[in-house]
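Report on the structure given below.
The values are calculated or read from the model by the stated rules, or taken from the named source; none is laboratory data. Source: prediction; values computed, not measured. FYI the Cβ positions are ideal-geometry reconstructions off the backbone, even for glycines, and counts take in every protein chain you see. Note: areas computed on protein heavy atoms with side chains; ligands, DNA, RNA excluded. Shrake-Rupley method; radii C 1.70, N 1.55, O 1.52, S 1.80 Å.
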Amino acid sequence: MKDDSRPPVTHHRPDAAARGSGAPSTDACGAEPPSVTRHRPDAAARGSGAPSTDACGAEPASVTHRAAAREDGVSPPTGRRITVVGIGADGWPGLPERLRALVLAADTVLGGRRHLAMLPDRPRQRRLAWPSPLREGLPPLLASLDAASADPASADSASPDGPSTVALASGDPLVSGIATTLIDLLGADAVRVEPAVSSVALARARMGWPAERCAVVGLVGRDPRLLLRQLAPGHRVLVLSSDGATPAAVAALLVGAGYGASRMTVLGDLGADSESRLETTADHWLASPPGTVPPLHVLALELLGPPGHGLVAGLPDDAFEHDGQLTKRDLRASALARLAPSPGQHLWDVGAGAGSVGIEWMRAHPSCTATAVEAHPERAARIGRNAGRLGVPGLDVVTGRAPDALAGLPAPDAVFVGGGATRPGVLDACLGALRPGGRIVVHGVTLETEHLLADAHRRHGGELTRIAVETTAPIGGFTGWTPARTVTQWCLAVLP
């Protein structure tokens, strides 16, 4: 359990005010804003090289964005609707005639270089490759389309609706594809999607796995440790790989977690004449890696190993690396039951200690996000390691002391205060930042914090509880009960 007070430190998160208050902590491609200082688990554990993109050059969304958010300030191109056309492994010849005519009639075609190279020549059609990095480069690229269409000399469309734009993608553009990013930027009304059969559907067909009996994890340009959240014996997972190096990284993670006997099937170039299949185990992959791996593939996993941690709140305390500053298992389960993690929602874990509450919040659903605020640099680094090992490497860790470190953070749907509640302004800042319908849970073990929470209960209402936990311990040759410190818990749900 975490203490209520922290010794002062001089290390603070720089440029706290630089973040917009309503924006998610990562963009739709999983990229981090350059102004945010975060601690992450060891970068080398993610695999070498820069984050890569899928076959269409698109990076997948790593968080669920609120429908109204347009963080990049991009407006839909004037008079323009972007149509995203999915292309299967059979390429241009496999497109229906209707879609081939649509692509050739467009004024502008966007896509990865591989897809653009498939197209037959078409005079005066603009063909633009996706920028790199994608998310940062898309707004100016889309703005350039408006600039070109505003020039009468560049007009080459007889359409009464104005110039047309087509974007090319692989398979289903809404499965870790460019359509997700475009909708995040422009809104659903400005993007029309014409999907092909997705690589996920093809992989399920090849493996004979029903959709409801397997999970899908996208690792395109993302940390492979996301897979660790899925560990459970008998579980089936389809991994959307970044490139040919992904299976080796996955095998190393599985072996390290005691899942070396898991079956790995590499399904290469699905739907193409060059389609291939390679079956092995994680142990064998590391001992005798194959010579070549198709860069375009889906990795099917049949997991075999020890029981996993599960997704219900209340992981064992020894699942976390800590120095004693940890919200213990029973108290953590009580807090998370009241914080009520919900898809797409964001948590502040203030005075995070080992980061256990924020980590379990994110494990509840892949689209849950969290920011852990911790004043001690050593503990902040430890939180990052815990998050990576438990399958939620996207946890944001801010090194700083509340309430100053809270300035500019994404507005929370829930707040947990495990330490530092008595610091002036902390409780008011947390209450003031909550979104409508938000929840706050505060723990305290000292008389001073208990007095503060009793006053908060008197002023705001909510639920005030004292929790006493006893565990067995040896007493000589016998066994007796050992009480932990009693914790006062205040929780409040803000009306929507």
Quick one: is R338 basic (K, R), farther than 22 Å from V487 by Cβ, surrounded by fewer than 24 Cβ atoms within 10 Å (Cβ to Cβ) and touching a residue at least 40 places away in the same chain (Cβ under 8 Å)?
no
Of the residues in the range 424-453, those that are in contact (Cβ under 8 Å) with a residue 60 or more places away in the chain and either surrounded by fewer than 13 Cβ atoms within 10 Å (Cβ to Cβ) or more than 17 Å from P410 (Cα to Cα) (or both) come to P436, V441, H443, G444, V445, T446, E448, T449
Which condition does A248 not pass, out of (1) part of a helix (DSSP H, G or I); (2) in the same structural domain as E136 (by the TED database), if it passes all the others?
(2)
Go through L142, L119, L134 for me and flag whichever is among the aliphatic types (A, V, I, L, M), more than 17 Å from R81 (Cα to Cα) and at pLDDT below 95.
L134
From the list G437, G432, G408, pick out the single residue that is part of a helix (DSSP H, G or I), small (G, A, S), assigned by the TED database to the domain that holds A352 and over 19 Å from A333 (Cβ atoms).
G432
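Scanning the range 355-383 for residues that are over 30 Å from V216 (Cβ atoms) and small (G, A, S), which turns out most open to solvent (accessible area, probe 1.4 Å)?
A381
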Considering only the range 314-335, state which residues are aliphatic (A, V, I, L, M) and crowded, with 21+ Cβ neighbours inside 10 Å.
L326, L331, A335
R222 passes all but one of the listed conditions (1) under 23 Å from the mean Cα position of the chain (by Cα); (2) of a type in the set (K, R); (3) modelled with pLDDT of 95 or more; the exception is number (3)
Residues of the range 110-142 that turn out to be outside any helix (DSSP H, G or I) and of a type outside the set (A, V, I, L, M, F, W, C), as a count:
13
Across the range 268-296, which residue is nearest to S241 (Cα to Cα) among those that are assigned to a helix (DSSP H, G or I), touching a helix residue (DSSP H, G or I) at 6+ places or on another chain (Cβ under 8 Å) and open to solvent by 40 Å² or more (accessible area, probe 1.4 Å)?
L286
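Residue-wise test of (1) open to solvent by less than 30 Å² (accessible area, probe 1.4 Å); (2) touching a Lys or Arg at 6+ places or on another chain (Cβ under 6 Å).
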residue: E97; (1), (2): no, no
residue: L102; (1), (2): no, no
residue: T108; (1), (2): yes, yes
residue: G112; (1), (2): yes, no
residue: L119; (1), (2): yes, no
residue: R124; (1), (2): no, no
residue: W130; (1), (2): yes, no
residue: R135; (1), (2): yes, no
Sole miss for L311 among (1) open to solvent by less than 80 Å² (accessible area, probe 1.4 Å); (2) touching a residue at least 40 places away in the same chain (Cβ under 8 Å) is condition (1)
Can you tell me which condition E212 does not meet? The list is (1) under 23 Å from the mean Cα position of the chain (by Cα); (2) among the charged types (D, E, K, R); (3) under 15 Å from T180 (Cα atoms), and all the others hold.
(3)
So the helices (runs of 4 or more DSSP H) completely within the range 311-398 holding 3 or more residues that are under 21 Å from W490 (Cβ atoms) and more than 22 Å from the chain's Cα centre (by Cα) are 329-339
